[in-house]
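**Q** This is the structure, below, for whatever I ask next.
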Amino acid sequence: MPVETQRLYERIAQQLASGIARGQYKVGQRLPSERELAQTFSVSRPTVREAIIALELDNLVEVRVGSGVYVTNTEPPGGKAGATDIGPFELLEARRSIEGEVCALAATRIDDTQLAELETLLEEMRTENEHDIAASEDADRRFHEAIAAATQNSGMIAVVKMLWDARTRSPQNRSLTIKVRASGYKPRIDEHTAILKALRERDGEAARSAMREHLTRVIEALLKATEIQELERARQQIAEQRKRYGQTK
């Protein structure tokens, strides 16, 4: 694949994998920190995180509790790197731009029946947040697709569906979803309520802002959730060490 057509995180992952294969990073060695890697490759920390997820899926590295990312193999156990797809943070960046405009147009065309459907989906999300996160996430998807349907624009409907299909299809997105669910993250009712309010008022500018604000907060929440997960694990490890050391004194 020509370099110019590669995804950015994929290029970083390949460079790190090459360094591992050459022995620049040896088995058992800790990789530089996320911040250091971001500076080295002149990319954002979310891009580095996407690259690490790809390396994890290839069993080249392991993220260890409160310690860092360690090399586990010099090459993928299967002999070649696994399939890659759109990264979770680049997908959210695309959604923020595209769905913001979709929401703005929907506000000028949505009818009362469609608003009622969105209200029903919002209540479904609220209920399922307490029982079944996967079901809540499915209602979340249908909420966003229903907004696209309200535009009456087949191109926008197709693009939004494609973006959500990519979220489901991508191994990198699926891996992050598992981590984020474990952290307790759920679809945010207040943010979806703000979107629905703007649509109900037929205010295109407010609808655009509400959708963009929502997806910005999703990006921030996913970054924070994965960091909190590691911090909480680190605290647990420290507590266990203190307990063990206390018992041996």
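**Q** Looking at GLU145, GLU130, which is the one that is surrounded by fewer than 20 Cβ atoms within 10 Å (Cβ to Cβ) and in a helix (DSSP H, G or I)?
**A** Values: GLU130 fails: in a helix (DSSP H, G or I).
After ruling out the rest, the residue left standing is GLU145.
**Q** Given the residues THR113, THR84, which is the only one that is in a helix (DSSP H, G or I) and out of contact with any Ser or Thr (no Cβ under 7 Å at 6 or more places or on another chain)? Full working, then the answer.
**A** Details: THR84 fails: in a helix (DSSP H, G or I).
Result of the check over THR113, THR84: THR113.
**Q** Could you say whether any residue in the range 145-157 is in contact with a Phe, Trp or Tyr (Cβ under 9 Å, 6 or more places away or on another chain), under 20 Å from ARG212 (Cβ atoms) and modelled with pLDDT of 90 or more?
**A** Pass one, the range 145-157, residues in contact with a Phe, Trp or Tyr (Cβ under 9 Å, 6 or more places away or on another chain): 145.
Narrowing further to those that are under 20 Å from ARG212 (Cβ atoms): 145.
Cutting the leftovers down to modelled with pLDDT of 90 or more gives us 145.
For the range 145-157, residues in contact with a Phe, Trp or Tyr (Cβ under 9 Å, 6 or more places away or on another chain), under 20 Å from ARG212 (Cβ atoms) and modelled with pLDDT of 90 or more: present.
**Q** Then there is this: Name the residue, out of LEU8, LEU91, LEU31, that is touching a residue at least 40 places away in the same chain (Cβ under 8 Å) and within 30 Å of GLY204 (Cα to Cα). Lay out the reasoning, then the answer.
**A** Details: LEU8 fails: within 30 Å of GLY204 (Cα to Cα); LEU31 fails: within 30 Å of GLY204 (Cα to Cα).
Answer to the selection: LEU91.
**Q** Quick check on GLN152: is it at positive phi and not acidic (Asp, Glu)? Reasoning before the result, please.
**A** Working: at positive phi: yes; not acidic (Asp, Glu): yes.
So GLN152 fits the description; yes.
**Q** Please go through the range 70-89 and give me each residue that is touching an Asp or Glu at 6+ places or on another chain (Cβ under 7 Å) and surrounded by 15 or more Cβ atoms within 10 Å (Cβ to Cβ), ordered by number.
**A** Keep residues of the range 70-89 that are touching an Asp or Glu at 6+ places or on another chain (Cβ under 7 Å), which gives 70, 72, 76, 81-82, 84, 87-89.
Correct list: TYR70, THR72, PRO76, ALA81, THR84, GLY87, PRO88, PHE89.
**Q** If you don't mind, there's one more thing I want to ask. If ASN59 meets every condition in (1) at pLDDT 95 or above; (2) polar (S, T, N, Q); (3) in a loop (DSSP other than H, G, I, E, B) apart from one, which number is that one?
**A** (1)
**Q** Follow-up question, since we're still on this one. Give ALA51, ALA17, ALA21 a once-over and let me know the one that is modelled with pLDDT of 90 or more and within 25 Å of ASP165 (Cβ to Cβ). Explain how you work it out, then say what you get.
**A** Numbers: ALA17 fails: within 25 Å of ASP165 (Cβ to Cβ); ALA21 fails: within 25 Å of ASP165 (Cβ to Cβ).
It is ALA51.
The values are calculated or read from the model by the stated rules, or taken from the named source; none is laboratory data. Just so you know, these numbers come straight off a predicted model, no measurement behind them. Heads up, the Cβs are rebuilt from the backbone with ideal geometry, glycines too, and the neighbour counts pull from every protein chain shown.
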